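Notes follow the structure.
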Amino acid sequence: MKRSILTLCLLGQVLFLWAQNQYYVAPNGNDNHDGSFQKPFQTIERAQLEARKAQGETTIYLRKGIYRLERPLIFTPEDGGKEKPLSIRAFRNEQVTLSGGKVLHPVWKPYKKGILTAVLQDDIRHPDMLLSNGNIRHMARYPNFDSTAVRFNGTSADATAPRRVKSWKHPEGGYLHAMHISDWGDFHYRITGKDKAGKLILEGGWQNNRQSGLHAKNRMVENIFEELDAPGEWFYQAESSTLYYYPMPDEDAETAVFETPILKHLIEFRGSEQQPVTHITIQGIELTQTLRTFMNKYEPLLRSDWMVYRGGAVVFEGTEDCSLKDCYLHNLGGNAVFFSCYNRRSTVSGSHFTRIGASAVCFVGDPNAVRSPSFEYNEFVPAGKLDRTPGPIGNNYPAHCLVYDNLIHSIGLFEKQITGVELSMCRHITVSHNSIYDTPRAGINVSEGTWGGHIIEFNDVFDTVKETGDHGSFNSWGRDRFWHPHRQVMDSLVNAEASLILADVTSPIVLRYNRFRCDRGWDIDLDDGSGNYHIYNNLCLNGGIKLREGFYRVVENNIIVNNSFHPHVWFKNSGDVFTRNIVMSSYRPIQVRHWGLEVDYNIFTDSTAYQKARKQNTDAHSIVCTPAFLNPSRGDYRIDNHSDAVFRCGFRNFDMDRFGVVSPRLKALAKTPEFPKPILMEEGKAHATIEWQGLQIKNLDTLGERSATGMDTERGVYVISVNALGSVLRDYIRPNDVILELGGKTVNNLADLQKAVQETDLKQPQTMVIFRSQKENKLTLPGNLLK
């Protein structure tokens with residue numbers, strides 16, 4: 001008996017060893033080798049072929065070095081599988097890089113004015129991005145690159161002025177980048193030449209789903225030879241294969257490594273619902289250098305403001321149980337990770353995304369899975385032709401996937417209608433414990449209600465909407481099949497068939513335990529039609545919570561620091577609930593005649609705000625009190641247990657130390673938002689606040705405000721918040737700024753500011769001195785900006 005047991009144990013060990021297949025790849029390997037540790041392959045594709053033959057679990061170990069891809073790595077249903085899972089990973093934390101870039105070998109010669117020139121090798125055609133020692137260099141552009149500029153690192157109204165265009169001999173191949181007329185994203189055009197009148201001939205403009213026109217001032221042009229006039233700029237002349245480069249100060253162009261991307265995608269999973277790619281893991285790898293994609297084919301995401309390129313550095317399509325783990329994605333021209341159509345239980349986790357041209361992680365299903373779809377804001381399917389069946393058609397969309405513990409920042413380098421995590425035509429996606437900041441638009445975006453069920457939790461999202469407007473750190477639209485561009489038609493439709501409201505967003509979308517801060521918009525922005533949301537236990541640090549028209553939103557137990565609730569254009573019988581929230585200023589309704597199912601049991605820190613709410617027939621059981629926050633300077637806005645009135649109203653504390661990334665490696669890298677000092681009543685007396693030019697301001701007259709701003713004394717006008725609906729000062733003033741001077745006149749308080757406004761010629765450009773980041777800063781305000 002003992003011998004039989006021993007035999008079985010030995011047999012089990014042999015089978016286990018047989019099932020653990022390992023292949024090694026190294027840059028100095030050889031594809032004629034056997035793939036062993038001693039004799040590694042040279043290419044991942046060679047190891048992939050061997051892995052397909054193997055039985056049981058297989059790991060392909062990549063040794064230290066750079067693997068330059070000439071074509072994307074493609075995984076199909078032949079790879080991986082439940083019975084033979086496949087991992088491709090760095091060996092023992094060695095630095096492994098997959099690059100879509102090609103090394104250039106310029107032999108530099110002087111041109112003029114510090115510019116160098118070199119003829120590139122024959123296999124380089126039309127470089128779109130140039131890197132020097134791993135740093136992205138900018139095409140010759142106007143205006144010149146300015147890291148402090150609000151949009152596109154510098155814009156100008158005269159970027160396409162006739163006198164400037166006239167100076168360009170051959171602008172074909174150049175680009176015009178412009179913001180939407182309302183700052184709702186951006187547009188991009190390729191310049192194909194000039195007409196007989198000298199006007200630019202353009203192609204493009206398909207990158208935004210709201211075709212309202214270009215902003216007159218916020219424009220930038222690049223890849224124009226005559227604009228090559230600043231360090232770090234470059235231009236490629238295709239006819240002569242010549243690269244022109246203006247080196248950075250102290251840069252040695254002779255020794256620098258120059259590279260240019262040649263691929264749009266690095267890794268592709270290509271399967272389908274019928275034949276999915278399953279059980280493949282990519283882990284611990286650096287992914288870098290892909291082409292910009294803003295001039296590629298784009299498609300609309302139903303009636304949201306978005307158009308999107310269906311691709312990225314890593315493309316998941318037709319996968320089950322596949323994952324990207326612990327990777328570093330940077331210096332990419334377009335999207336980083338794109339989940340297209342059918343995907344189930346696939347994951348992106350533990351990864352660092354930075355310097356991304358467009359979005360970090362996108363989930364976009366098949367529009368053919370949508371019942372009665374419409375694709376542009378003004379489109380709609382007539383009521384008599386609407387499909388009344390709830391939910392999707394088929395399964396060709398992402399579902400039950402996970403975005404967990406990722407650090408995402410400095411994205412949207414080239415495109416502005418982008419986000420950290422995008423959800424469109426998908427279902428039951430969990431977005432958890434991510435740190436997302438430094439984005440031109442939303443940190444997390446839900447493009448429409450199809451088909452709900454998402455859980456968005458424990459994320460830290462801040463420094464968002466930095467280049468656009470009318471948006472939030474979290475943003476959503478809900479222009480589902482019930483929604484109509486004309487409010488009267490929509491009202492009649494939902495009154496007649498209330499069941500249509502939940503025909504697309506079939507499961508609630510949950511926002512919980514997140515920390516949001518938006519200084520140029522709302523912390524949470526539920527825009528047109530967004531419905532079936534449960535929003536609870538969120539910490540909103542600046543922009544407040546906005547709910548535009550929609551249904552069945554339950555907003556409870558949130559803390560809204562120095563801001564309030566923004567209900568806009570609500571439906572009758574919306575079913576909305578706003579209760580047990582802490583608000584610090586007056587509600588800001590716009591065209592709200594019906595206040596939903598319940599707006600009550602809230603905690604106001606301002607008696608005036610409470611009285612305004614009572615006059616609107618809301619908040620019969622709400623209270624006014626001054627809660628004691630435990631330690632707001634360190635981000636702990638829990639309520640001290642002695643604030644009994646708050647808890648009697650039903651509010652409950654929630655954790656303040658679980659936002660954002662969780663892995664030690666990423667926590668060491670991640671930033672956190674600025675924590676505002678709550679503006680509360682002191683000694684039973686509220687300090688006066690006023691609205692001016694879309695700013696909520698007050699005298700800086702407390703020690704707390706002095707501490708929060710770093711001011712030397714209690715003087716100046718303190719900026720509490722900036723109105724997201726389009727304050728004329730939003731490009732100049734931020735929350736927590738202190739206004740010290742206007743037009744050369746000292747501003748010590750609100751009265752001084754009022755006097756300075758009256759005595760200053762505001763038709764002319766004027767200086768304003770503000771205190772920000774521990775020092776005085778001088779701003780120049782354009783003429784006719786202030787009224």
Matching residues in region 225-251 - criterion: being closer than 14 Å to residue 111 by Cβ and acidic (Asp, Glu):
226, 229, 233
Residue check, residue 56 closer than 22 Å to residue 343 by Cβ and out of contact with any Cys (no Cβ under 7 Å at 6 or more places or on another chain)
no
Inspect all residues belonging to region 132-139 and state whether any of them is at pLDDT 95 or above and aliphatic (A, V, I, L, M).
yes
Give region 140-199 a look and list any residue that's without any contact (Cβ under 8 Å) to a residue 40 or more places away in the chain, of a type in the set (Gly, Ala, Ser) and within 18 Å of residue 236 (Cβ to Cβ), or say none.
193
Subset of region 330-369, residues of a type in the set (D, E, K, R), more than 15 Å from the chain's Cα centre (by Cα) and in a strand (DSSP E or B), comes to 344
Take region 264-296 and flag every residue that is assigned to a loop (DSSP other than H, G, I, E, B) and either modelled with pLDDT under 95 or more than 23 Å from the chain's Cα centre (by Cα) (or both).
271, 272, 273, 274, 275, 276, 279, 284
Picking from 694, 710, the residue that is at pLDDT below 90, outside the structural domain of residue 467 (by TED's automatic domain parsing) and under 23 Å from residue 609 (Cβ atoms) would be 694
Test residue 128 against the stated conditions and say whether it is assigned by TED's automatic domain parsing to the domain that holds residue 157, of a type in the set (D, E, K, R), farther than 13 Å from residue 231 by Cβ and surrounded by 15 or more Cβ atoms within 10 Å (Cβ to Cβ).
yes
Within region 151-196, tally of residues that are farther than 27 Å from residue 410 by Cα, buried (at least 18 other Cβ atoms within 10 Å of the Cβ) and either under 24 Å from the mean Cα position of the chain (by Cα) or hydrophobic (A, V, I, L, M, F, W, C) (or both):
3
Consider region 199-239. How many of its residues are farther than 30 Å from residue 297 by Cβ and not aliphatic (A, V, I, L, M)?
4
If a residue must be within 28 Å of residue 309 (Cα to Cα), more than 30 Å from the chain's Cα centre (by Cα) and either of a type in the set (Asp, Glu) or buried (at least 17 other Cβ atoms within 10 Å of the Cβ) (or both), how many such residues does region 220-263 contain?
1
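Filter region 492-528 down to residues that are under 27 Å from residue 151 (Cα atoms) and surrounded by fewer than 24 Cβ atoms within 10 Å (Cβ to Cβ), then give me how many there are.
2
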Any residue at all in region 455-469 that is over 17 Å from the mean Cα position of the chain (by Cα) and either crowded, with 24+ Cβ neighbours inside 10 Å or charged (D, E, K, R) (or both)?
no
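When you look at residue 492, is it free of Cβ contacts under 8 Å to residues at least 40 places away in the same chain, over 18 Å from residue 637 (Cβ atoms) and not in a strand (DSSP E or B), yes or no?
So residue 492 fits the description; yes.
What residue, of 399, 383, is among the hydrophobic types (A, V, I, L, M, F, W, C), farther than 26 Å from residue 219 by Cβ and touching a Lys or Arg at 6+ places or on another chain (Cβ under 6 Å)? First the steps, then the outcome.
On the way: 383 fails: touching a Lys or Arg at 6+ places or on another chain (Cβ under 6 Å).
The match here is 399.
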Output the residues belonging to region 577-634 that are of a type in the set (Ser, Thr, Tyr) and within 24 Å of residue 690 (Cα to Cα).
585, 586, 587, 605, 607, 608, 610, 618, 622, 626
Give the residue, chosen from 158, 128, 146, that is over 19 Å from residue 731 (Cβ atoms) and not aromatic (Phe, Trp, Tyr).
128
Hey, residue 489 closer than 20 Å to residue 400 by Cα and either of a type in the set (Phe, Trp, Tyr) or surrounded by fewer than 21 Cβ atoms within 10 Å (Cβ to Cβ) (or both) or not
no
Where the second residue is aliphatic (A, V, I, L, M) and the first is at positive phi and lies in region 50-69, which pairs have Cβ atoms under 8 Å and are six or more apart or on separate chains?
56/19; 65/26; 65/96
Can you tell which of 327, 362 is without any contact (Cβ under 8 Å) to a residue 60 or more places away in the chain, of a type in the set (A, V, I, L, M, F, W, C) and assigned by TED's automatic domain parsing to the domain that holds residue 503?
327
Strands (runs of 3 or more DSSP E) wholly inside region 529-647 that include at least 3 residues being in contact with a helix residue (DSSP H, G or I) (Cβ under 6 Å, 6 or more places away or on another chain) and surrounded by fewer than 16 Cβ atoms within 10 Å (Cβ to Cβ):
none
Within the group 120, 116, which residue is more than 30 Å from residue 272 (Cβ to Cβ), touching a strand residue (DSSP E or B) at 6+ places or on another chain (Cβ under 6 Å) and at pLDDT below 95?
120
If a residue has to be surrounded by fewer than 15 Cβ atoms within 10 Å (Cβ to Cβ), at pLDDT 95 or above and within 20 Å of residue 536 (Cα to Cα) to count, how many in region 648-679 make the cut?
4
Checking residue 159 against (1) within 26 Å of residue 260 (Cα to Cα); (2) in contact with a Phe, Trp or Tyr (Cβ under 6 Å, 6 or more places away or on another chain), which single condition isn't satisfied?
(1)
Counted residues in region 113-139 being assigned to a loop (DSSP other than H, G, I, E, B), closer than 23 Å to residue 356 by Cα and of a type in the set (Gly, Ala, Ser) come to 1
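The values are calculated or read from the model by the stated rules, or taken from the named source; none is laboratory data. All values reported here derive from a predicted model rather than from experimental measurement. Note that we place each Cβ from the backbone using ideal geometry, even for glycine, and neighbour counts take in every protein chain shown.
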